[in-house]
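Below you'll find the structure, written out as structure tokens, and then a few comments.
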Amino acid sequence: MTNSECNFSSQKVLDRLSDLLDEERLAKEIDEAVDVEAHNFQLKISPPITTSKFNRIVSSFVRNIYKTGLRLPIHLSDSAATAEAVYLLENYYQNEGSKGYDGALFDAVGTNIQSFELVLARLAESIKWVERTKYIKWVFADNFLNLDWKQQHHIVCCYLRQNKALLPAELYDLNPARLVDCFQELFITHMSTKSMVRQVLNAGRSQGA
């Protein structure tokens, strides 16, 4: 890898990826609005909680968040909102010994309001996860995948050069061409590690204050 490979255009792409995928930006762009709508949602239900009540509430919860809590609002009909809620629960819900839609239903039906609130909180987390995934795919589609292979190769070379001290020797010594197809996963892992280190440092400073 030469200095010419780490050119301005490659640097600009890396800087933009870092900016768009920074954890604080993800929280601001995606999480905050979902959290606000989830917090403001009025859980108007009285025990015993039946299956029909459960479906009505999770449907209303998802419809409200999709309407006012997403970067790109989605207006769902009642049936579409129910289908979306069932999909999210089936694919993302997990609690102690409970998983999927049936697990969420088991955790909520016939129990107290607090248990249902926990189900809704996990449902909100699922929405944030899905929205983050879509956002990340858009970022890479718009800033990396739309470039030709040579440009992508230059970006990978620049990234490796910048992060040589942080990368395992086995990874750095690979031919950069072999990393072009998996650069998205590599960069996301890099950003996640960076965020984790920042959290640890912040926690250390708080304890030392």
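Laboratory data are not the source of any read-out in this text; all were calculated from the coordinates shown. All of these numbers come straight from a predicted model, not from anything done at the bench. Don't worry about glycine lacking a Cβ; one is built from the backbone with ideal geometry, like all the others, and counts go over all protein chains shown.
If every alpha-carbon in the chain counts as one equal scatterer, what log10 I(q)/I(0) does Debye give at q = 0.10, 0.11, 0.12, 0.15 1/Å? Taken in order of the listed q values, log10 I(q)/I(0) reads -0.60, -0.69, -0.77, -0.97.
Peptides 94-102, 16-24 ranked from most to least packed give 16-24, 94-102, packing being the mean of other C-beta atoms within 10 angstrom over each peptide's residues. Based on Cα contacts under 8 Å between residues 6+ apart, the range 8-202 shows a relative contact order of 25 percent. With helices as the sole contributors, the chain gives -21500 deg cm²/dmol at 222 nm; each DSSP H run of n ≥ 4 counts as -39500 (n - 2.57), and the sum is divided by every residue.
Note on the range 1-125: Cα Rg divided by 2.2 N^0.38 Å, N the number of residues, gives 1.41. Each of Phe106, Phe61 has some number of other Cβ atoms within 10 Å of its Cβ, and from fewest to most they run Phe106, Phe61. Legend: distances between Cα atoms for Lys28/Lys99; Lys44/Lys128; Lys67/Lys137; Lys12/Lys134; Lys28/Lys137; Lys150/Lys194; pairs beyond 19 Å are Lys28/Lys99; Lys44/Lys128; Lys67/Lys137; Lys12/Lys134; Lys150/Lys194.
In the Gaussian network model of the chain, springs joining C-alpha atoms below 10 Å, which of Asn55, Asn175, Asn143 carries the largest mean-square fluctuation? Most flexible of the set in this elastic network: Asn175.
Counting other Cβ atoms within 10 Å as a rough exposure proxy, the listed residues Glu125, Glu117 run Glu117, Glu125 from fewest neighbours to most.
Under a Gaussian network description of the chain, with springs only between Cα atoms under 10 Å, the residue in Leu167, Leu179, Leu120 that fluctuates furthest is Leu167.
A quarter of the convex hull surface defined by the alpha-carbon atoms of the range 79-176 gives 10.2 nm² as the mean projection.
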